[in-house]
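J.: Below is one structure. I have some questions about it.
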Amino acid sequence: MSAGTEGLLAGGVHGPGHLRALTATVLDTLETAARARGGPLPAGGPEAVARRTRALCGPVLPEEGVGAEAALTDLVRAVAEGAADPADPACVAHLHCPPLAVAVAAELAGAALNPSMDSWDQAPAAGVIEELTTAALARLIHPAALAPDALITSGGTESNCVALLLARERAAAGPHDGPLRVVTGANAHHSVHRAAWMLGLPAPATVPCHDGRIDPAALDRTLAGLGGGPVLVVATAGTTDEGRIDPLPEIARIVGRYGAELHVDAAYGGPLLFSERLAPRLAGLEHAVSVTFDLHKLGWQPVAAGVLAVADTALLAPLSLRTDYLNADDDTEAGLPDLLGRSIRTTRRPDALKIAATFRALGRRGLSELVEHCVSTAEEFGRAVDARPALRRRPGEIGISTVLFRPVVADALEPEAGDAVVAEVRRALLMDGRAVLGRAVAEDGDGRHRLWLKATLLHPVAASADLLPLLDLVTETAERAAAEEGRGGDGSGRGGGGGGDTGAPVTERLSP
Ligand SMILES: *Cc1c(COP(=O)(O)O)cnc(C)c1O
């Protein structure tokens, strides 16, 4: 081996030794960079971050390489100093979780060995670990089914797409005429619509929602209006905007009455099943023919860790496929397991490994505690919002671990200007690098839709006290933004900006 290629590989007997030195560099750099960032995301907004990242990275494909140590130091520093880090309690915009150390460590092993999950001769043991993991997930999701099964996917988007694909194939083989019709709530994830589009299905019929959940009477009317033909109803257990769970038992009854099928998108809410106390919120899930379930949300896995569970393994038959180089008939007859029918992908990461390591490390009880922590922290955070006169929570229940709220100064303005203040608060905090809050349009107590700030609490350790500074930040920033809006500002300013604010604080309240 030439000097330049010494220590090149991660696998084999010597690989771990090479990796140990590089891993130390990576870990040291991660730590230093997190300190340097000093917050949930870098300050300065997209242009400043892009400028700094480009400067730290240097040319990405130089003629002569700089060597692994230097490349890792530069790039890890760039990505970490410029990260939106969900391990910071003020990083709560999305279903974007802080990953568990055990899962990340398992990823390192998976990456070093690089099994590909499309044939036995690339993944002899990894295939078994995937089988054990999917069996455990299948039993968790469909405990009463005789032969439940589950696939590992790249996330909820792929799971929903495969669920619609399987339903389309069942419809084509079934007694009804016409293409599969998909019926979903106005609260459904966009991936349901995109899947129908990709699969050449008619655009889904959208059922109106009340309080963020499918209105069962409206679903009944929609199904009655479709006449005959094969129908898949897609309900959501944990909506992306509000964490709301559709009324699954009522939906299942209606679906049954029309001879339709039910798919439940539980990308967010699925892990409530780990908790005996919270699992009853998913009652009705057992009627679903298929279930989308993500572990890179309330499951603390690094991306990607998606699951599609089906009530019966025979439902996966449409995915089976033969290709000589991966699963020739004579190889399968000779006993080599056929993995190709376990995905729509070919080359595939061993994502089951980190899931299995996490499950085994924490057990169901440990996972339950983390899920319950997020749910109870959201409830406490909601009470903290309620206790602040300057803020107002969206009326109604908290959806899983998502809290929607807005500054009351926004309510005093015309509806559009009020929403602009909410949007401006979020952007001002992002630009300053002080908080990563989400945004959601949701129904208010008066039935109108308004823009809200969204806190999606997935931190399995942070307490509600760690989140209180966020409420101060929102209140202060909103006062400045509302004053600007009231002065006829265009709402695109920086709302007075960050700590180095030069203007005197605007204290005049725009009271109703
Ligand atoms: C996040 C989400 C999805 C999409 O999942 P990805 O893992 O991002 O592909 C689908 N449905 C719901 C309800 C979600 O919250």
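J.: Taking the simple approach of a point 7 Å from Cα along Cα-to-Cβ for both ALA173 and ALA334, what is their distance in nm?
T.: 2.9 nm
J.: With label points built 7 Å along Cα→Cβ from the Cα atoms of ALA50 and ALA217, find their separation and express it in nm.
T.: Inter-label distance under the simple model: 5.1 nm.
J.: Send over a whole-number figure in Å² for the accessible area per residue of region 37-93, probe 1.4 Å.
T.: For region 37-93, the per-residue accessible area is 58 Å².
J.: Quick one: pull the percent of accessible area on region 144-256 belonging to carbon and sulfur, 1.4 Å probe, ligands and nucleic acids left out.
T.: 55 percent
J.: For THR153, what residues show an amide H to amide H distance below 5 Å, using hydrogens built from the backbone and excluding near sequence neighbours?
T.: GLY306, VAL307, LEU308
J.: Something else: Please report, ordered by residue number, every helix of the chain (full DSSP H runs) that is 24 Å or longer along its axis going by C-alpha atoms and whose mean Kyte-Doolittle hydropathy reaches -0.5.
T.: Helices meeting the span and hydropathy rule in the chain are 15-37, 124-141, 156-173, 351-386, 415-432, 464-486.
J.: Ignoring ligands, DNA and RNA, please state the percent of accessible area on region 1-95 from carbon and sulfur, probe 1.4 Å.
T.: Result for region 1-95: 63 percent of the exposed heavy-atom area is carbon or sulfur.
J.: Add -39500 (n - 2.57) for each DSSP H run of 4 or more in the chain, then divide by its residues: what number comes out at 222 nm, to the nearest 500 deg cm²/dmol?
T.: That calculation yields -14000 deg cm²/dmol at 222 nm.
J.: For region 368-473, state the semi-axes of the equivalent ellipsoid (square roots of 5 times the eigenvalues of the alpha-carbon gyration tensor), sorted largest first and rounded to whole angstrom.
T.: For region 368-473, the semi-axes come out at 23, 16, 12 Å.
J.: With every protein chain left in place, what is the accessible area per residue of region 305-399 in square angstrom, probe 1.4 Å?
T.: Result: 49 Å² of accessible area for each residue.
J.: Work out the FRET efficiency for ALA186 and VAL303 from their Cβ-Cβ distance, taking R0 = 30 Å, and round it to the nearest 0.05.
T.: Result of the calculation: an efficiency of 0.65.
J.: Using a Förster radius of 30 Å, what is the FRET efficiency between ALA465 and LEU113 based on their Cβ-Cβ separation? Nearest 0.05, please.
T.: Once the sixth-power term is evaluated, E becomes 0.10.
J.: Let me ask something else about it. Relative to the compact-globule scaling 2.2 N^0.38 Å, provide the ratio for the alpha-carbon radius of gyration of region 4-121.
T.: 1.24
J.: A further question follows. What order do MET117, MET431, MET198 take when sorted by accessible area (1.4 Å probe), most exposed first?
T.: MET198, MET431, MET117
J.: Follow-up. Considering only protein heavy atoms, with the full assembly of protein chains and a 1.4 angstrom probe, order HIS14, HIS193 by accessible area, largest first.
T.: The residues order as HIS14, HIS193, largest area first.
J.: Right, something else. If you stretched the chain out fully between GLU131 and ARG277, how much longer would it get, using 0.36 nm times the residue separation minus the C-alpha to C-alpha distance?
T.: So the chain would gain 49.8 nm between GLU131 and ARG277.
J.: Also: Under the 0.36 nm per residue contour assumption, what length would be gained going from the current alpha-carbon distance of LEU72 and VAL60 to full extension?
T.: Residue separation times 0.36 nm, minus the Cα-Cα distance, leaves 3.1 nm.
J.: If you place +1 on the Cβ of every Lys and Arg and -1 on the Cβ of every Asp and Glu, how big does the dipole about the Cα centre of region 70-208 come out, in debye to the nearest 20?
T.: Around 560 debye, computed over region 70-208.
J.: I'd like to check one number: the per residue accessible area of region 188-264, probe 1.4 Å, reported in Å² as a whole number.
T.: 41 Å²
J.: Further question on the same structure: Mind checking the full-extension length gain between ALA101 and ALA87? Use 0.36 nm per residue of separation minus the Cα-Cα distance, one decimal, nm.
T.: Roughly 3.9 nm would be gained on extension.
J.: Also, I was wondering about something else. Trypsin sites (Lys or Arg not before Pro) within region 280-389: which are DSSP loop residues with at most 14 other Cβ atoms inside 10 Å?
T.: Within region 280-389, the qualifying trypsin sites (Lys or Arg not before Pro) (loop, at most 14 other Cβ atoms within 10 Å) are ARG322.
J.: Roll a 1.4 angstrom probe over the protein heavy atoms and tell me the percent of accessible area of region 288-366 that is carbon or sulfur.
T.: Ligands and nucleic acids excluded, carbon and sulfur reach 54 percent.
J.: Under a point spin-label approximation (7 Å from Cα along Cα-to-Cβ), what is the SER320-ARG365 distance to one decimal in nm?
T.: The two pseudo-label positions are separated by 4.2 nm.
J.: From the alpha carbon gyration tensor of the chain, can you work out the equivalent ellipsoid semi-axes (sqrt of 5 times each eigenvalue) and give them in Å, largest to smallest?
T.: 39, 35, 19
J.: Keeping every protein chain in place, order THR206, THR153 by accessible area at 1.4 Å, biggest value first, i.e. largest first.
T.: THR206, THR153
The values are calculated or read from the model by the stated rules, or taken from the named source; none is laboratory data. What you see is a predicted model; the values in this text were computed from it and never measured. Please note: Cβ atoms are built from the backbone with ideal geometry, for glycine as well, and neighbour counts cover all protein chains shown. All accessible areas refer to the heavy atoms of the entire protein, side chains included, with ligands and DNA or RNA removed. Shrake-Rupley method; radii C 1.70, N 1.55, O 1.52, S 1.80 Å.
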